[in-house]
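The values are calculated or read from the model by the stated rules, or taken from the named source; none is laboratory data. Predicted, not measured: the structure shown is a model, and the values here were computed from it. Cβ placement follows ideal geometry from the backbone for every residue including glycine, while neighbour counts extend to all protein chains displayed. What goes into the accessible areas is simple: the full protein's heavy atoms, side chains included, and nothing from ligands, DNA or RNA. Shrake-Rupley method; radii C 1.70, N 1.55, O 1.52, S 1.80 Å.
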Amino acid sequence: KNEVEQSPQNLTAQEGEFITINCSYSVGISALHWLQQHPGGGIVSLFMLSSGKKKHGRLIATINIQEKHSSLHITASHPRDSAVYICAVSPLSYNTDKLIFGTGTRLQVFP
Amino acid sequence: DAGITQSPRYKITETGRQVTLMCHQTWSHSYMFWYRQDLGHGLRLIYYSAAADITDKGEVPDGYVVSRSKTENFPLTLESATRSQTSVYFCASSDWTGYNEQFFGPGTRLTVL
């Protein structure tokens, strides 16, 4: 079993829909990261969070440390949100800057 | 250019050839990483470096060699390329903050024929 699991693996939506991507992890962490990768593109960091909730534009990330679970929400989705969203964690057991990555959720938003 | 860059962006080579992928960052970040990204596997760590002259193996190091003589550069060498090394390679860097935020390069798409 992977230490970081994402669901769903693939997601399609109509423009304007509210989207939720989930991430569960099995290790103690100092932080959780959400990353975005557009088709053929590089990887950019969207959020880094260790508790509570963060919001940036139409994107909201939440984390529940007790339940070892995080969600990424996209409100009023748009075709430009089509990308792979990757969850990664910073394990407490590591004394380095290494991360453990989920396999990603591929999102397609249609007009 | 500021940030983290990779070269080449695309490379086609033949089985058995030596290939070096370059990574350069301008932030003086202490940590640098090499990942490969394959369908169904996500990002897998090949090697990482905590500082100049300090490197360590990641999850999938076999067939790869790294060096870090200067803080800003972290080249990855495939000593004798194999078809299974066809992949997209990402370099990343981070500064030791305890939260491990990593900044990624644009990637190198490598095809081994």
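Working only within the stretch A:36-46, note down all residues that are closer than 12 Å to A:Arg106 by Cα and surrounded by 16 or more Cβ atoms within 10 Å (Cβ to Cβ).
Within the stretch A:36-46, the subset closer than 12 Å to A:Arg106 by Cα is A:36-39.
Residues satisfying the conditions are A:Gln36, A:Gln37.
Name every residue in the stretch B:1-26 that is assigned to a strand (DSSP E or B), open to solvent by 30 Å² or more (accessible area, probe 1.4 Å) and among the hydrophobic types (A, V, I, L, M, F, W, C), in order of residue number.
B:Ile12, B:Met22
In the stretch A:43-68, what count of residues is obtained for those that are assigned to a strand (DSSP E or B), closer than 24 Å to B:Gly42 by Cα and among the basic types (Lys, Arg)?
0
Within the stretch A:69-102, can you find the residues that are crowded, with 18+ Cβ neighbours inside 10 Å and either assigned to a loop (DSSP other than H, G, I, E, B) or away from chain B (no Cβ under 12 Å) (or both)?
The answer is A:Ser70, A:Leu72, A:Ile74, A:Ser77, A:Asp81, A:Ala83, A:Asp97, A:Lys98, A:Leu99, A:Gly102.
For the stretch B:27-54, give me each residue that is small (Gly, Ala, Ser), surrounded by fewer than 16 Cβ atoms within 10 Å (Cβ to Cβ) and closer than 20 Å to A:Ala88 by Cα.
Scanning the stretch B:27-54 gives a single hit, B:Gly40.
What is the residue count in the stretch B:73-113 for residues that are surrounded by 22 or more Cβ atoms within 10 Å (Cβ to Cβ), in a loop (DSSP other than H, G, I, E, B) and among the aromatic types (Phe, Trp, Tyr)?
Qualifying residue count, the stretch B:73-113: 1.
Quick check on my filter: what residues within the stretch A:21-35 are at the interface with chain B (Cβ under 9 Å from one of its Cβ atoms) and open to solvent by 20 Å² or more (accessible area, probe 1.4 Å)?
If the condition is that a residue be at the interface with chain B (Cβ under 9 Å from one of its Cβ atoms) and open to solvent by 20 Å² or more (accessible area, probe 1.4 Å), then A:Ser30 is the only one that fits.
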